[in-house]
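Colleague: Supplied in structure tokens, the structure appears directly below.
The values are calculated or read from the model by the stated rules, or taken from the named source; none is laboratory data. What you are looking at is a predicted structure, and each value in this text was computed from that prediction instead of being measured. Glycine gets a Cβ as well: all are built from the backbone with ideal geometry, and neighbour counts include every protein chain shown.
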DNA sequence: AAAAATACGTCAGCACTGTTGACATAGTTT
DNA sequence: AAACTATGTCAACAGTGCTGACGTATTTTT
């Protein structure tokens, strides 16, 4: 700034009086930080990070999805995905299968190993959620779900609805035909 | 893996039947991603990132806190903090004041510029929350707050309670004496 | 059949944010 | 005086995101 160095310190705190919903902003930050800390610890043992977790999770949730579809869910570039996906394939957590209709496509599937890791990562998160909802009524739970869903950009809510057993039965156009 | 390359693909999706609370896990991921995207766009104009946002936010929420206290809130190393804090000081968003009792300490305060930016960053987040809670009852809102708080590690809940106008009046031991 | 578009992979370089480890300097406590 | 504490800083590294560019296989369009 170099304005003589005399910027006056403001000694009062921002409060809810400023018209900002500070409590939920801060709660959301702390909650998400701790929510991700559980899997982070497990991932460290594998030399993986959060990006691996997300890829593994959605491949397990939507087996057979293509690279392009995965990019669309994660909203990252293919170069970002390439690094982590390659590692997951090299370590035998995910396999690629050439697309039956369009042979340019690569369908992504978890292996038994990949399924096991995905579940191991989801377990502590699910437990934390379960504990957090202890004593909550069905209405409370529903309020939490509605809130979280409403926090998502409207264009993306469709994606969420298309996940299996989240309201939709199966993913359209994909034969989830049990191995 | 090099086991002959024949890891069998699993073609079934993980579902709630696996005993995992998938809907909230996924909702939380998407919700947080979009929640942070609003300020991210503003920050880009300043050449700042999410780390700057967090520092700025808590300095505005707890003016006069020391470097050590800030590290304790953010749970990062001082080397990580140093980089972003230096930038915020150099750009005139934050000022340091030598601690009155212990002159080794640096109390951190926002400037008018820093306060303005903090509010500009909080505004879209607050609006998103407000919109997400549209049509929600007081009980719904309370359920959401209780849930988020319960998601935080128990040891850290005290920190949250000590933020001004989140249940506590003032920060213990700090004279928030209005400039 | 040739041309254009698509799906994917990859190389190279960069930015942001987190980590360890080591060391320096002031100021406080013992 | 010695030990401890609060802060700053240098250096190196990891993880994950980005852009830009280019190559190859395959499908679609002309």
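Colleague: Given the criteria within 13 Å of another protein chain (Cβ to nearest Cβ) and at pLDDT 95 or above, does residue B:108 qualify?
Modeller: Details: within 13 Å of another protein chain (Cβ to nearest Cβ): yes; at pLDDT 95 or above: yes.
In short, yes.
Colleague: Taking the criterion of being without any contact (Cβ under 8 Å) to a residue 60 or more places away in the chain, loosely packed, with under 13 Cβ neighbours inside 10 Å and either within 12 Å of chain A (Cβ to nearest Cβ) or assigned to a helix (DSSP H, G or I) (or both), would at least one residue in segment B:23-35 satisfy it?
Modeller: If we filter segment B:23-35 for residues that are without any contact (Cβ under 8 Å) to a residue 60 or more places away in the chain, which is where we start, we get B:23-33.
From what's left, loosely packed, with under 13 Cβ neighbours inside 10 Å: none.
No, the conditions are met nowhere in segment B:23-35.
Colleague: If you don't mind, there's one more thing I want to ask. Which of the residues that make up segment A:72-104 are buried (at least 18 other Cβ atoms within 10 Å of the Cβ) and either more than 13 Å from DNA strand D (Cβ to nearest atom) or not in a helix (DSSP H, G or I) (or both)?
Modeller: A:89, A:93, A:94, A:95
Colleague: In segment B:9-21, is there at least one residue being at pLDDT 95 or above, more than 7 Å from chain A (Cβ to nearest Cβ) and within 25 Å of residue B:145 (Cα to Cα)? Steps first, please.
Modeller: In the first step, residues of segment B:9-21 are kept if they are at pLDDT 95 or above; the result is B:9-14, B:20-21.
Adding the requirement that they be more than 7 Å from chain A (Cβ to nearest Cβ) leaves none.
Checked segment B:9-21: no residue is at pLDDT 95 or above, more than 7 Å from chain A (Cβ to nearest Cβ) and within 25 Å of residue B:145 (Cα to Cα).
Colleague: Across segment B:43-71, what is the total count of residues that are in a helix (DSSP H, G or I), within 13 Å of DNA strand D (Cβ to nearest atom) and either over 21 Å from residue B:161 (Cα atoms) or facing another protein chain (nearest Cβ under 10 Å) (or both)? Write out each step before concluding.
Modeller: Our first condition is that a residue be in a helix (DSSP H, G or I); within segment B:43-71, this holds for B:43-46, B:50-61, B:67-71.
Subsequent filtering for residues that are within 13 Å of DNA strand D (Cβ to nearest atom) retains B:44, B:50-51, B:55, B:59, B:67-71.
Then keep just the ones that are either over 21 Å from residue B:161 (Cα atoms) or facing another protein chain (nearest Cβ under 10 Å) (or both); that gives B:44, B:50-51, B:59.
Result for segment B:43-71: 4.
Colleague: If residue B:20 satisfies every condition in (1) surrounded by 18 or more Cβ atoms within 10 Å (Cβ to Cβ); (2) assigned to a helix (DSSP H, G or I) but one, which is the exception?
Modeller: Among (1) surrounded by 18 or more Cβ atoms within 10 Å (Cβ to Cβ); (2) assigned to a helix (DSSP H, G or I), the lone unmet condition for residue B:20 is (2).
Colleague: Of the residues that sit in segment A:45-66 and are surrounded by fewer than 17 Cβ atoms within 10 Å (Cβ to Cβ) and more than 13 Å from residue A:120 (Cα to Cα), which one is farthest from DNA strand C (Cβ to nearest atom)?
Modeller: Within segment A:45-66, the subset surrounded by fewer than 17 Cβ atoms within 10 Å (Cβ to Cβ) is A:45-47, A:49-50.
Applying the additional criterion that residues be more than 13 Å from residue A:120 (Cα to Cα) yields A:47, A:49-50.
Values: A:47: 14, A:49: 11, A:50: 11 Å.
Once the filter is applied, the top-ranked residue is A:47.
Okay, residues lined up against (1) surrounded by 16 or more Cβ atoms within 10 Å (Cβ to Cβ); (2) modelled with pLDDT under 95; (3) under 19 Å from the mean Cα position of the chain (by Cα):
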residue: B:123; (1), (2), (3): yes, no, yes
residue: B:130; (1), (2), (3): no, no, yes
residue: B:139; (1), (2), (3): no, no, no
residue: B:143; (1), (2), (3): yes, no, no
residue: B:151; (1), (2), (3): yes, no, yes
residue: B:164; (1), (2), (3): yes, yes, yes
residue: B:172; (1), (2), (3): no, yes, no
residue: B:175; (1), (2), (3): no, yes, no
residue: B:178; (1), (2), (3): no, yes, no
